[in-house]
Amino acid sequence: PQEAAVPYGFLDEDLPHQVRLFGNYRFNFDRFGSLSLGGLVTYQSGRNWSKVASVPVNDDPNQLNDTPGTYNHFFDGRGHNRFSGWWSLDFSARYQIQIWKDVNAWLKFNVINILDNDEQTSYGTAGFAAENDAGTLVWNPSGSFGSAPTAAYYQTPREYLFTIGFLF
């Protein structure tokens with residue numbers, strides 16, 4: 001069917017909602033330097049995924065030509081499934097002081113994902129096609145479906161960054 005081989009819908013890269021709110025405030029201590037405090041809140045809705053499997057051309061009776069090969073068969077349209085969304089809160093503090101004339105030194109401390117949210121942002125979506133008792137193609141999840149084998153399937157964990165710098 002045309003809608004299974006060339007579907008309409010959202011691409012896997014579609015990201016419908018992404019919000020970043022940030023704020024920064026600077027305390028000026030005159031000759032004792034300055035302190036800047038900042039925060040960043042990030043929200044991202046879940047990405048799309050599709051129930052898709054490689055299907056041999058000759059096994060589909062609705063196919064017009066008999067050219068051997070495979071095509072990607074979309075079982076419920078493209079992008080109809082969605083992973084969970086996630087959010088994060090980041091913090092930064094920077095202290096800068098004048099050392100001599102135009103020479104300044106600064107220290108910066110960042111905490112990424114300060115609340116250590118550990119939302120799973122994706123998982124394995126592999127599946128395969130098989131015929132059911134009625135002879136129609138159905139999508140079946142593979143053994144790795146729903147698993148998250150590496151840290152890349154999760155939100156970035158809490159991370160501390162410390163920087164020292166000179167400005168001249």
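With Cα atoms defining each centre, region 16-50 and region 131-168 are spaced 25 Å apart in the structure.
Computed in the context of the full set of protein chains, the accessible area of the chain at 1.4 Å probe radius has 56% of its extent on carbon or sulfur. Heavy atoms of the protein chains alone define the surface here; on that basis the chain has 68 Å² accessible area per residue at 1.4 Å probe size.
Rounded to the nearest Hz, the phi-derived 3J(HN,Hα) couplings of region 117-134 under the Karplus curve 6.51 cos²θ - 1.76 cosθ + 1.60 (θ = phi - 60°) are 4, 10, 4, 7, 9, 7, 7, x, 10, 5, x, 9, 9, 8, 8, 8, 4, 7, where x marks glycine and proline. Recomputing Kirkwood radius over Cα pairs in Å from the coordinates shown identifies the correct label among [x] 19.3; [y] 20.4; [z] 22.2 as [y]. Under a Gaussian network description of the chain, with springs only between Cα atoms under 10 Å, the residue in 18, 98, 44 that fluctuates furthest is 98.
Proximity of backbone amide H atoms, modeled 1.01 Å from N, is registered between residue 121 and 154, 155 at under 5 Å, excluding neighbours fewer than 5 places apart on the same chain.
Residue-wise HN-Hα couplings along region 99-104, as the Karplus relation 6.51 cos²θ - 1.76 cosθ + 1.60 with θ = phi - 60° gives them from phi, are 8, 7, 6, 9, 9, 10 Hz; Gly and Pro carry x. About its Cα centre, the dipole of the chain is roughly 1260 debye, where the only charges are +1 on Lys and Arg Cβ and -1 on Asp and Glu Cβ.
The values are calculated or read from the model by the stated rules, or taken from the named source; none is laboratory data. This structure is a prediction, so every number in the text was calculated from the model and none was measured. Virtual Cβ from ideal backbone geometry, glycine too; neighbours counted across all protein chains shown. Just the protein is used for accessible areas: all its heavy atoms, side chains included, with ligands, DNA and RNA removed. Shrake-Rupley method; radii C 1.70, N 1.55, O 1.52, S 1.80 Å.
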